[in-house]
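Trainee: So that we are looking at the same thing, I have put the structure below in structure tokens.
The values are calculated or read from the model by the stated rules, or taken from the named source; none is laboratory data. Keep in mind that this is a model prediction, so the values were computed, not measured. Cβ placement follows ideal geometry from the backbone for every residue including glycine, while neighbour counts extend to all protein chains displayed. Surface areas here come from the heavy atoms of the whole protein model, side chains and all, with no ligands, DNA or RNA. Shrake-Rupley method; radii C 1.70, N 1.55, O 1.52, S 1.80 Å.
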Amino acid sequence: MTADPLLEIRNVSKQFGATKALDSVSLTLYPGEVHALLGENGAGKSTLIKIMTGIHQPDSGEILLQGHPISLHNSAQAQKHGIAAIYQEPLVFPDLNIAENIFISHQRRNPLVRWGKLYRDAEKVLAQLGVALDVRALARGLPLAAQQTVEIAKAISMDVRVLIMDEPTASLSIHEVKQLFALVRNLRKAGVAILFISHRMDEVFEIADRVTVFRDGQFVSMAPVAEVTPERAIRDMVGREIGDIFVKEPSPRGDVILSVKALSREPRFRNINFELHAGEVLGLAGLVGAGRTDVALALFGIAPAHHGHIEYLGKEVHIHSPKQATQMGMVYVPEDRRQHGLVLPMSLMANISLPSVKNYRNQFGMVQHHKEAATAEHYRQQLSIRTSSLSMPAGKLSGGNQQKVVLSKWLNTKPRLLILDEPTRGIDVGAKQEVHRLINDLAQQGLAILMISSDLPEVLAMSDRVLVMREGQQMGIFERHEATQETIMAAAIGQSVEKPVERAAEYA
Amino acid sequence: MRRVRRLVPLQRLRELSLVLILIIVIVIFGNQIDNYYTPRTFNRISSTVALITLVAVGQTLVLLTRNVDLSVGSMVGFTAYYLGRHLSKTEDMSPMVLAAMAMGIGGAMGLINGLLVAYGRIPAIVVTLGTMAIYRGALVRYSDSKSVATRELPPWIKDLPQETLYKFGEYELRALPGIALGAVIIFFFILLYSSFGRRLYAIGSSPEAAHLAGIHAPRMVTLAFTLCGALSGLGGMVYLARFGTITVEAGRGLELQVVAAAVVGGVSITGGSGTVLGAMLGAILIGTLEQSLIRMQINEFWKDAVMGLCIIVAVSVDRILINQLTPWWSRTELQRMPEEPHAEV
Ligand SMILES: Nc1ncnc2c1ncn2[C@@H]1O[C@H](COP(=O)(O)OP(=O)(O)OP(=O)(O)O)[C@@H](O)[C@H]1O
Ligand SMILES: [Mg+2]
């Protein structure tokens, strides 16, 4: 690359208590490049980003902007230098409307708010992303994908020279990702330096110009994308070979656990029909906003359906609360771990035992910590949760490790029916295999599993059958041998696929 | 329906529901009390409301940032006493200068609160519980436990409550409610249209997100407390004009009425939402309840209990309404743009 570097990070270290999050790492960003940063969960990627935006101060090392050292004490200063970031966990202001959320950082510049213009501009920014949202609505209760979109809009609305994206695509589906990448390419053409973090290898190799890999807070390698293969990048990340993507082993299809007939909750979804057997993984595919999560919420009693029938273990049931669903042996692992999944200030250990805490009491009703610790230790090893101790507050774990804690917590309740919503969101390739293996084992033990995922390779590898939804409609159910990238995408975006639609009609 | 939703934000709806509750309350009292619909009742209620409103506007600013100021009653008392003492010694003093002085004294006390909360990182409830006692203590010390008597005051301040700004029929808008209304209007616009106001909402709504967005929260919080102090100072002047006699007990218990007014008016205790318009409506409801219950000559104990009950009812009705309406009011799913991005608007 001939141009001068735009941003240089030199020998930056950062320690949190006993955890060495970053150990003298360096990274150089050139104008007009997309630089991918890879690493396992807890490798220190998000920490580096928070140092680049002034949220954390490095213990040592320096940051140079166009050759001049700069010091960043808060994110306002970083923004002044043209450095903006989309953080891993979307953090919106629930009481502000969407337009305000997008332009919150612009307010320093104009002391008066012109609402009409604000709304129009917000709509324009969102249109660039290929989506529309009611920009006057409050951001409270926004689905995760919409939150992430607002974060992206927020970042691109700023006049940036360095744009950092920490897993921006983790809860987006192909359509949104395509729009985002088109935008990223435009920014690249305009000379913006982009740091891109993702655990989805195909995305990294589609968009990146150069790839840097961290492991355990240390720099491992940096190379132009042409000289890297996914295999090599993964080997650098995890320090060992990882075979191909794990594929679910066929398991005997048992009794019908769950049977859903003509389930509707307007306007979110309508006329959903399927059967779920013991030992089966039913994938729920579709684009963001197709209503997949809404179906899960209805089954779990959070937002019950208005019409239709649910049969569970052969009996018709009406589920009105999560508590009732849990008592029946259902478990729902939600996608938004910060809002629904974890008690952030509580220890990792206590989070895992929370839903099944009555199994940990002694005869006096006191919680036995050594038992909790044993369980937590079991999951830490099985899912390789990276933490310095089991009593670490969940909020301080890295994003992917938080996700593993959420999974552990619910798996530990030993359910009959498991509903997973984006189970591997933000989980690195190595651990993803572990999660997939675990799902496979659970299915072999006879659990019925409903798996929502926007990660198409994951859906294809793990599902026995795939139900595709589009705008609240069931587009069809594909048997494993019929499900391919093409057929599922075609159904998800609404191109007519003869056979599966017929099949849906059969169920109705 | 869509147009209505676009034009009427949920907050307005909430205020409308409060107006409705208020009308019901007034009708009930009108049936129970003879000669209720008279200018005299109106004036009585409106001067009580004026004080609560003024301080509730300040309290709203603080509540929005997810803090609370319990020292407002003491600040009102201290300022009222100080101004009274000062007026009893100096003959000539223009109302404007007196108002500036009131806001200066209150603002200084508010600044202390703000600095301790924002930069000392001590929870607001702890700080202001402390300063509530300290400011009250300062008043006792400064006054030597003596009172300011009405006869010591110059006539203009005693006549201020009777000053009429605007007449509509038999009813009139007098100076004290006028001051409060002025404050409401000013802060309504500040909160809606200034970036300072919007950032107060942001801080209270999600301190974490505010930090990531580069909002300098301590400065905003300090400013909010200072303004709250200044408005309480002005409240002290209103208090002086209204009652004339100022003892060391002046303004005690006001903080609870003020917080109640704000909360009844839809200002969230956990920050981030609410308006001064709501706080004013809350103050009107509280003031009306209090004065009307006094008129009914219910005994003190029952009065407080009825008042408490009414507050709980008002807040619950509001909650239920809002919970029922919210799903209709906001459609926040992600919508995919049609292929032609500008085809439909
Ligand atoms: N505020 C904090 N206090 C203590 N430890 C922290 C804190 N923030 C991060 N850590 C630790 O630092 C390490 C690096 O975390 P970081 O979030 O940078 O990982 P990451 O590479 O972004 O991982 P992921 O892919 O899961 O998002 C982790 O072990 C994490 O537990
Ligand atoms: Mg991270």
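Trainee: Calculate how many DSSP beta bridges within the protein assembly as shown are antiparallel, expressed in % of all such bridges and rounded to the nearest 5.
Mentor: Values: 52 of 88 bridges.
Here the share of antiparallel DSSP bridges comes out near 60 percent.
Trainee: If you don't mind, there's one more thing I want to ask. Suppose every Lys and Arg Cβ carries +1 and every Asp and Glu Cβ carries -1, with no other charges. What dipole size does chain A come out with about its Cα centre, to the nearest 20 debye? All intermediate terms of the calculation are to be shown ahead of the outcome.
Mentor: Numbers: 55 positive and 55 negative charges, 277 e Å.
With only Lys, Arg, Asp and Glu charged at Cβ, the dipole is about 1340 debye.
Trainee: Ok, one more. Given A:LYS358/A:LYS404; A:LYS154/A:LYS248; A:LYS154/A:LYS396; A:LYS50/A:LYS404; A:LYS124/A:LYS248, which pairs have Cα atoms separated by over 32 Å? Please report the intermediate quantities before stating the final value.
Mentor: Working: A:LYS358/A:LYS404 22 Å; A:LYS154/A:LYS248 39 Å; A:LYS154/A:LYS396 25 Å; A:LYS50/A:LYS404 22 Å; A:LYS124/A:LYS248 43 Å.
Correct reply: A:LYS154/A:LYS248; A:LYS124/A:LYS248.
Trainee: Relative contact order for region A:1-124 using alpha-carbon pairs under 8 Å, separation at least 6, rounded to a whole percent?
Mentor: Details: 158 pairs, mean separation 26.9, N = 124.
With pairs under 8 Å counted, the relative contact order is 22 percent.
Trainee: Averaging sequence separations of C-alpha pairs under 8 Å and six or more residues apart, then dividing by the length of chain A, give the relative contact order as a whole percent. Let's see the in-between values first.
Mentor: Values: 1056 pairs, mean separation 80.9, N = 508.
Once divided by the residue count of chain A, the mean separation gives 16 percent.
Trainee: Of the beta bridges DSSP finds with both residues in chain A, what % are antiparallel, to the nearest 5? Could the numbers behind the result be given before it?
Mentor: Numbers: 44 of 80 bridges.
Taking every DSSP beta bridge with both residues in chain A, the antiparallel ones total about 55 percent.
Trainee: Rounding to the nearest 10 and keeping the result within 0 to 90°, find how far the Cα-based axis of helix B:95-118 lies from the longest principal axis of chain B.
Mentor: The two axes meet at around 60 degrees.
Trainee: With label points built 7 Å along Cα→Cβ from the Cα atoms of A:ILE245 and B:VAL313, find their separation and express it in nm.
Mentor: 6.2 nm
Trainee: Can you work out the FRET efficiency for the pair A:SER388 and A:GLU486, with r the C-beta to C-beta distance and R0 = 41 Å, to the nearest 0.05? Show your work: numbers first, answer last.
Mentor: Working: r = 45 Å, r/R0 = 1.11.
Calculated value: 0.35.
Trainee: Tell me whether region A:7-238 comes out rounded, prolate or oblate; compute the Cα gyration tensor, take square roots of the eigenvalues as a ≥ b ≥ c, and use a/c under 1.5 as the rounded threshold. Could you put the intermediate results ahead of the total?
Mentor: Values: a/c = 1.80, a/b = 1.43, b/c = 1.26.
Cα axes put region A:7-238 in the prolate bin.
Trainee: Relative contact order of region A:7-238, please, whole-number percent, based on alpha carbon pairs below 8 angstrom and at least 6 residues apart. Spell out each step's value before the answer.
Mentor: Values: 443 pairs, mean separation 68.8, N = 232.
That works out to 30 percent.
Trainee: Express the C-alpha Rg of region B:133-267 as a ratio against the empirical globular expectation 2.2 N^0.38 Å, rounded to two decimals. Walk me through the numbers on the way to the answer.
Mentor: Working: Rg = 18.7 Å, N = 135, 2.2 N^0.38 = 14.2 Å.
So region B:133-267 has a normalised radius of gyration of 1.32.
Trainee: I'd like the accessible area for B:THR41, computed on protein heavy atoms only with a 1.4 Å probe and all protein chains in place. Round to 10 Å², please.
Mentor: Probe radius 1.4 Å; accessible area of B:THR41 about 10 Å².
Trainee: Based on alpha-carbon centroids, what's the gap between region A:151-182 and region A:427-445 in Å, whole number please?
Mentor: Cα centroid to Cα centroid, the span is 28 Å.
Trainee: If you average the C-alpha positions of region A:345-369 and of region B:297-324 separately, how far apart do those two centres end up, in angstrom?
Mentor: Using only Cα atoms, the two centres lie 40 Å from each other.
Trainee: Once you put a point 7 Å from the Cα of B:ASP144 and another 7 Å from the Cα of A:HIS318, both along the Cβ direction, what distance in nm separates them?
Mentor: So the two model labels end up 7.7 nm from each other.
Trainee: Using the Cα atoms of region A:164-255 to build a convex hull, what is its mean projected area in square nanometres? Working shown, then result.
Mentor: Working: hull surface 35.0 nm².
Here the figure is 8.7 nm², rounded to one decimal.
Trainee: To the nearest 10 degrees, how steep is helix A:369-382 against the longest Cα principal axis of chain A, on a 0 to 90 scale?
Mentor: 80 degrees
Trainee: Round to a whole angstrom and tell me the spacing of the C-alpha centers of region A:253-283 and region B:230-257.
Mentor: Taking the Cα centre of each part, region A:253-283 and region B:230-257 sit 65 Å apart.
Trainee: Pull up all non-local amide H partners of A:PHE16: gap of 5 or more, or a different chain, and H-to-H distance under 5 Å with H placed in the peptide plane.
Mentor: A:ALA21
Trainee: On to the next question. If ligands, DNA and RNA are left out, what is the accessible area of A:HIS340 with a 1.4 Å probe, given in Å² to the nearest 10?
Mentor: 120 Å²
Trainee: For the protein assembly as shown, what percent of Cα pairs sit more than 54 Å apart?
Mentor: For the protein assembly as shown, the share of Cα pairs beyond 54 Å comes to 22 percent.
Trainee: Another question, then. Work out, step by step, the length gained on full extension between B:THR38 and B:THR90: first 0.36 nm times the residue separation, then minus their alpha carbon distance; give nm to one decimal. Could you put the intermediate results ahead of the total?
Mentor: On the way: separation 52, 0.36 × 52 = 18.72 nm, distance 3.78 nm.
Gain on stretching B:THR38 to B:THR90: 14.9 nm.
Trainee: Still on this structure: Whole percent per 5 Å bin, from 0 to the bin with the longest distance: what is P(r) over all C-alpha pairs of region A:376-485?
Mentor: 2, 10, 21, 22, 18, 12, 8, 4, 2, 0
Trainee: Another question about this same structure. Roll a 1.4 Å probe over the protein chains and send me the accessible area per residue for the protein assembly as shown in Å². Walk me through the numbers before you get to the answer.
Mentor: Values: 36210 Å² over 853 residues.
For the protein assembly as shown, the solvent-accessible area averages 42 Å² per residue.
Trainee: Quote the convex hull volume per residue of chain A, based on C-alpha atoms, as a whole number of Å³. Working shown, then result.
Mentor: Details: hull volume 79.6 nm³, N = 508.
Each residue corresponds to 157 Å³ of Cα convex hull volume.
Trainee: So, one more: Based solely on its DSSP helices, what 222 nm [θ] is calculated for the protein assembly as shown when runs of n ≥ 4 H residues each add -39,500 (n - 2.57) and the sum is averaged over all residues, nearest 500 deg cm²/dmol?
Mentor: Values: 31 runs with 414 residues, N = 853.
Taking each H run of at least 4 residues, the total per residue is -15500 deg cm²/dmol.
Trainee: Could you tell me how many degrees, from 0 to 90 and to the nearest 10, lie between the Cα long axis of helix B:217-243 and the main elongation axis, the longest principal axis, of the Cα atoms of chain B?
Mentor: The two axes meet at around 40 degrees.
Trainee: Give me a single rounded figure for B:206-212: the average over its residues of other chain Cβ atoms within 10 Å of their Cβ.
Mentor: On the way: counts 8, 0, 4, 11, 3, 4, 13.
Other-chain Cβ atoms within 10 Å of each residue's Cβ, averaged: 6.
Trainee: To continue, here is another question. Rounded to the nearest 100 Å², what is the sum over both chains of accessible area buried where A meets B, with a probe of 1.4 Å? Intermediate results must be reported in sequence, preceding the final value.
Mentor: Numbers: alone 21660 and 17800 Å², together 36210 Å².
Heavy-atom accessible area buried at this interface is about 3200 Å².
Trainee: Let me ask you something else. Suppose R0 equals 35 Å. What FRET efficiency, 1/(1 + (r/R0)^6) with r the Cβ-Cβ distance, do A:MET158 and A:GLU206 give to the nearest 0.05?
Mentor: Working: r = 25 Å, r/R0 = 0.70.
Computed FRET efficiency for A:MET158 and A:GLU206 comes out at 0.90.
Trainee: With labels modelled as points extended 7 Å from the Cα through the Cβ direction, what inter-label distance (nm, one decimal) is found for A:ARG361 paired with B:LEU165?
Mentor: 6.1 nm
Trainee: In bins 10 Å wide, starting from 0, what share of all Cα pairs of region A:343-414 does each bin hold, as a percent?
Mentor: It works out to 22, 57, 19, 2, in whole percents.
Trainee: Computed FRET efficiency, Cβ-Cβ of A:ASN271 and A:ASN186, R0 45 Å: what is it to the nearest 0.05? Show your work: numbers first, answer last.
Mentor: Details: r = 40 Å, r/R0 = 0.89.
Working from the Cβ atoms, E equals 0.65.
Trainee: Using the 2.2 N^0.38 Å rule of thumb for compact globular proteins, work out how chain B stacks up: its C-alpha Rg over that value, please. Don't jump to the answer; show the numbers that get you there.
Mentor: On the way: Rg = 21.4 Å, N = 345, 2.2 N^0.38 = 20.3 Å.
Compared with the compact-globule rule of thumb, chain B sits at 1.06.
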